[in-house]
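These notes are about the structure you will find just below.
The values are calculated or read from the model by the stated rules, or taken from the named source; none is laboratory data. What you see is a predicted model; the values in this text were computed from it and never measured. Ideal geometry is used to build each Cβ from the backbone, glycine not excepted, and the neighbour counts take in all protein chains shown. Only protein heavy atoms, including side chains, enter the accessible area calculation; ligands, DNA and RNA are left aside. Shrake-Rupley method; radii C 1.70, N 1.55, O 1.52, S 1.80 Å.
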Amino acid sequence: MSQRYEWNVYQKKVLIKQEMMQNLVYGTFLPRWYARLSTSKPMSRLIRDIPANERQLFAHRHVLSVLLVPILFDDRFWGFIGLEDCHQERWWSNYEQLLLKAIGDSVRATMARQQMVKELRHSEAKLRTIIENNSDGILILDQTDKIRFANPAAERLYEVGTEGLLDRVFQ
């Protein structure tokens, strides 16, 4: 696990660059937390109530309470989004948990969209290669029968360049 983003209203010191928060192995540092988060269940804890080996991750930041909500992507645990309170011990409300889950869902939806766009671009490139290298002439017409695309084989078949075919009504 690596901390990727941070927002801290009170401290000017950026903690995200600290080596201690990068490349952590769940099995070593937070195995119980991973077991819970990976089953899509949030974690809400007072730091004083967790085992000493887990407390060490929070002590240097003076965290008193933590709320972590998992982010699942493609039905697999991808990471989490969390809140920490460094000023008072507190139990996080259902409203706060739901709000954090909504933010996590937005992150997941953005990742899904990015993946879809990447797959679509790959599919379009593959299809374009097939069409442009096809030995059969291929024309794409709009609803008014105007030619909107002609592959190289169609240009050879009609003995005219693309500019001579595009925007002409197919008859």
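Is it the case that Phe77 is assigned to a strand (DSSP E or B) and among the aromatic types (Phe, Trp, Tyr)?
Against the criterion (assigned to a strand (DSSP E or B) and among the aromatic types (Phe, Trp, Tyr)), Phe77 qualifies.
Which residues, counting only those in the stretch 102-155, are among the β-branched types (Val, Ile, Thr) and either open to solvent by 50 Å² or more (accessible area, probe 1.4 Å) or in contact (Cβ under 8 Å) with a residue 12 or more places away in the chain (or both)?
Ile103, Val107, Thr110, Thr129, Ile130, Ile131, Ile138, Ile140, Thr144, Ile147
Kindly list, by first and then second residue, each pair from a residue in the stretch 76-87 that is farther than 9 Å from Leu100 by Cβ to a residue that is of a type in the set (S, T, N, Q) and part of a strand (DSSP E or B), limited to pairs with Cβ atoms under 9 Å and residues at least 6 apart or on different chains.
Glu84/Ser65; Asp85/Ser65; Cys86/Ser65
Test Glu155 against the stated conditions and say whether it is of a type in the set (Asp, Glu) and at pLDDT 90 or above.
Judged against the criteria, Glu155 is a match.
Just checking, does the stretch 87-94 include any residue being modelled with pLDDT of 90 or more and part of a helix (DSSP H, G or I)?
Taking every residue of the stretch 87-94 in turn, at least one turns out to be modelled with pLDDT of 90 or more and part of a helix (DSSP H, G or I).
Can you tell me how many residues within the stretch 58-74 are over 21 Å from the mean Cα position of the chain (by Cα) and not in a loop (DSSP other than H, G, I, E, B)?
The number of residues fulfilling the criteria is 4.
Can you find, within the stretch 36-53, the residue that is nearest to Leu100 (Cα to Cα) among those that are part of a strand (DSSP E or B) and in contact (Cβ under 8 Å) with a residue 40 or more places away in the chain?
Ser44
Quick one: Gly137 ticks every box in (1) of a type outside the set (D, E, K, R); (2) assigned to a helix (DSSP H, G or I); (3) over 27 Å from the mean Cα position of the chain (by Cα) except a single one, so which number is it?
Just one mismatch for Gly137, condition (2).
May I ask you to say which residue of Arg48, Arg76 is modelled with pLDDT of 85 or more, open to solvent by 60 Å² or more (accessible area, probe 1.4 Å) and either over 17 Å from Met111 (Cβ atoms) or touching a helix residue (DSSP H, G or I) at 6+ places or on another chain (Cβ under 6 Å) (or both)?
Arg48
Is it the case, given these coordinates, that Leu83 is closer than 22 Å to Pro31 by Cα, of a type in the set (A, V, I, L, M, F, W, C), modelled with pLDDT of 90 or more and in contact with a Leu (Cβ under 6 Å, 6 or more places away or on another chain)?
Against the criterion (closer than 22 Å to Pro31 by Cα, of a type in the set (A, V, I, L, M, F, W, C), modelled with pLDDT of 90 or more and in contact with a Leu (Cβ under 6 Å, 6 or more places away or on another chain)), Leu83 does not qualify.
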